[in-house]
1. For C:R57, are the conditions met, namely being part of a loop (DSSP other than H, G, I, E, B), over 16 Å from the mean Cα position of the chain (by Cα) and within 13 Å of chain B (Cβ to nearest Cβ)?
2. Could you please find all residues in region B:77-101 being under 27 Å from B:W146 (Cα atoms), at pLDDT 90 or above and at the interface with chain A (Cβ under 7 Å from one of its Cβ atoms)?
3. Which condition from (1) out of contact with any Leu (no Cβ under 8 Å at 6 or more places or on another chain); (2) under 24 Å from B:V95 (Cβ atoms); (3) within 14 Å of chain C (Cβ to nearest Cβ) is the one that A:P175 breaks?
4. Does at least one position in region B:269-290 carry a residue that is closer than 30 Å to C:L85 by Cβ, surrounded by 15 or more Cβ atoms within 10 Å (Cβ to Cβ), β-branched (V, I, T) and modelled with pLDDT of 90 or more?
5. Can you pull out the helices (runs of 4 or more DSSP H) entirely within region B:313-423 that have at least 2 residues that are within 14 Å of chain C (Cβ to nearest Cβ) and of a type in the set (A, V, I, L, M)?
6. Spot the failing condition for B:S150; the list is (1) within 14 Å of chain A (Cβ to nearest Cβ); (2) in a loop (DSSP other than H, G, I, E, B), and only one is missed.
7. When you look at C:S66, is it within 10 Å of chain B (Cβ to nearest Cβ) and surrounded by 15 or more Cβ atoms within 10 Å (Cβ to Cβ), yes or no?
8. I'm checking my understanding of the structure. Among residues of region A:139-149 that are polar (S, T, N, Q) and not in a helix (DSSP H, G or I), which one is nearest to the other protein chains (Cβ to nearest Cβ)?
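The values are calculated or read from the model by the stated rules, or taken from the named source; none is laboratory data. Please read all numbers here as calculations on a predicted model, not as lab measurements. Ideal geometry is used to build each Cβ from the backbone, glycine not excepted, and the neighbour counts take in all protein chains shown.
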Amino acid sequence: MAMNDGSPGHIDPQGLRVTRQNASQLLRGHELEGRNPGADPEGTDLERFVEERVLTTTLDRAVAWARSNSFFPATFGLACCAIEMMSIVAARVDVARFGYEAFRASPRQADLLILSGRVSIKMAPIVRRIYDQMLEPKWAISMGACCSSMGVFNNYSLVPAEKFMPVDVHVPGCPPRPEALMHGVLKLRKMVQDDPDMGWRDRYDARGTEEVVQAGGRDAAENVPLDGAS
Amino acid sequence: MSEANGQQLSDYRRREQSITLSPIEEQIGEGQDDTREEVLTLNFGPHHPATHGVLRLLVTLKGELVQEIKPIVGYVHTGIEKTAEDKSYWKVIPVIERMDYLAYHFNAYAYCGAVETLLEIEVPRRAQYLRVIHLELTRIMSHLVWLGTSALDLGAISMFWYCFREREKILDLFEYSTGARMHTRYLQIGGVVEDVPPGYATKLSGFLDEMPERLAQYGALLNNNEIFLQRLRGTCSLDASTLLSLGVTGPLLRAAGVPWDLRKAEPKCSYEDFSFKVPVGTVGDNYDRYAVRMAEMGESVKIIRQALDGLPEGPHITTDRKVALPPRHELATSMEALIHHFKLVTEGFRVPPGEVYFPVEGPRGEYGCFVRSDGSSKPVRVHMRDPSFVNLQAFTHMARGDYIADMIATLAMLDPILGGIDR
Amino acid sequence: MPDATGLELIAQELREAQGAGPRAASGSPVLDTDFFRGRASLRIEPEHVRSVLESLRGRGYAFMSSLHGVDYHPSEPRLGVQYELLDMARVDRITVKLRVPTSAPEVDSVTPAGEDGPGWPAAEFQEREVYDMFGVVFRGHPDLRRILMPEDYEGYPQRRDFPIGGEPILFTFNESEKEGSPR
């Protein structure tokens, strides 16, 4: 959650702990317990508290719960991490347990981009294009060291993913074990259950870049800023 | 993207922009001769489920027949060779392992072999046998991933889970002996980084016992499968002389009938101690490529069995302390060992100047590592001749004149690994 | 591997085939022979690369294993191209090396077929890679474009004086200082 006074938004790592939680607990808002029991929330915590209690309706929570349990990852294997991403689809670390086995080839049908592998400068515009083609709400996991930071190769040809697209979860490792990637996906699931938007439009100053499909015509896919300035 | 800076865009960038949809001026077939055919250039973009990795293909089609394929690579170019110039010799090993990311021990072996040739050091026999065990396990693992993803492309989806089940067993073995599943940095200059732990032989033996039966099961699923045969048999064959002129090596060349295998022709690392056959195809079509790789997995099992049974005693890395780290227990007692350790870890060893090219036989063909050294502790040039890069040149020759579905099957049988192609 | 004497004999034949005797100072294609660690290599003049490779093909080295570039900076001529040839029947390898200066980095391409021989189609992608990484222009190459870098990239990355580049690693303490950073 971005704050207006310019300090970087802080997500409390305690709140992202992956815990067993069933739907009814989630809907009733029990996830705040255990974070700072007994203390009065203030600052960002207060905003979150209010948003989660008052502004966020039960319907929103139900939608967030449904969204988090049915990510459709886009097949986006770039390099070595792609092999470990294939391993999570395989039987040992079975991603189908959680409902994420429907890897969609088309980005228009996917909502989770697992960037697995090194992003070279030739590939970066294409990754951005794929990310733009995904429908909202969409999330991105940067898997492995190469796209999270520069990884093993800090040189002229690689770009860290954060430079050109918003990333929600970074999974470290080279390559991360399939269990580690699964942990990252489950962390994302927890984040989505709390707040699907995760405020990234504010973080990235991206208000006004929503794509609005005009009725008819071939120019339907152009980005149209909401305020009408073209 | 906008019209305003259209002039500043280079030709290349303009081609990379979105394809604008323009209405078709004249309807095909209406008022025209219906037999007129269009030549269509299709972009199999870098993001595509059927290309194995980020390979971009510009396919020119006439109807459904492929006229020409232009592969565009470079989408995962990592500058590994340039990065390797910046690091001391043993630090290059983790970097160079990540080139062909399914045959990581082979990358490391080609490099270590080149540096050992420059240094003129001898690798102990036990280290050679351990290297062979890991290399052949990597070969089986690479072929399993190939089989799983190729069968997935062709529609035999359940093969993916079976192959990855075996792959998990191999990765367990790697984790047991080296500590990591992928990119294990196990092969070091002078030998291997550490000896195998107790119990490894039992685990490996158990894996080897069940592997032939699994291979037989996979064969039973696929070998006589009608759909598989129709997709693969007789499609996209290429004769041996064209393959040789294109520089193709590995199972692709062997499928066309040329029994060229560096493990037999130029045996290094004690491969001459093991008796194994080299599977060779006859026609060179996709089915032969598939059969050659399946048979190679069985032969690799035999090699590992022989290596395990005949594993000699001895050091696991060269005893030359100027090149290899001394064992940790010596550091407490010997000053010399401490000094060696310090020198090796901070600066690294110096390699006499020279250039050498060291070829090895990997799962996709000939991996050749070229290392040039100028006497300092960092290599001046490291280049990997990657087989996928050279084999890709044959792709358009293979698929020309066949259907686009056969092109997909050929790409699967070609087994390209983009990390190796782009480096 | 041809042994040291075999290598010298090959070099001798190549020199004589070009019409230059063993004592001729100019016009000889073979500048040097090197037998290092059991591997034979010939250093040749760049103009004669096609003819040397064809005569080696006639001698049995019909398979081109690898074509790669080296930057010998700071010693001139700076850019080197190396051709690894393999004779499968006799299991023999030989390396052909040549060097060109940065001022005139041009070499005849061995890819296309010409009147002197069928060419080496194996060299197609590899020559493009040497062009991309070092800037060596191969005259007569059917499609000399950059292969690994974007086609409009400027600079030749693998030259020794090209900076390795890279980004400062973002940690939590410095992530907001970096421009363009989202936080």
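1. No, not satisfied.
2. Matches in region B:77-101: B:H77, B:I80, B:P94, B:V95, B:R98, B:Y101.
3. Of everything listed in (1) out of contact with any Leu (no Cβ under 8 Å at 6 or more places or on another chain); (2) under 24 Å from B:V95 (Cβ atoms); (3) within 14 Å of chain C (Cβ to nearest Cβ), A:P175 misses just condition (3).
4. yes
5. B:418-422
6. (2)
7. Against the criterion (within 10 Å of chain B (Cβ to nearest Cβ) and surrounded by 15 or more Cβ atoms within 10 Å (Cβ to Cβ)), C:S66 qualifies.
8. Across region A:139-149, the extreme among qualifying residues is A:S149.
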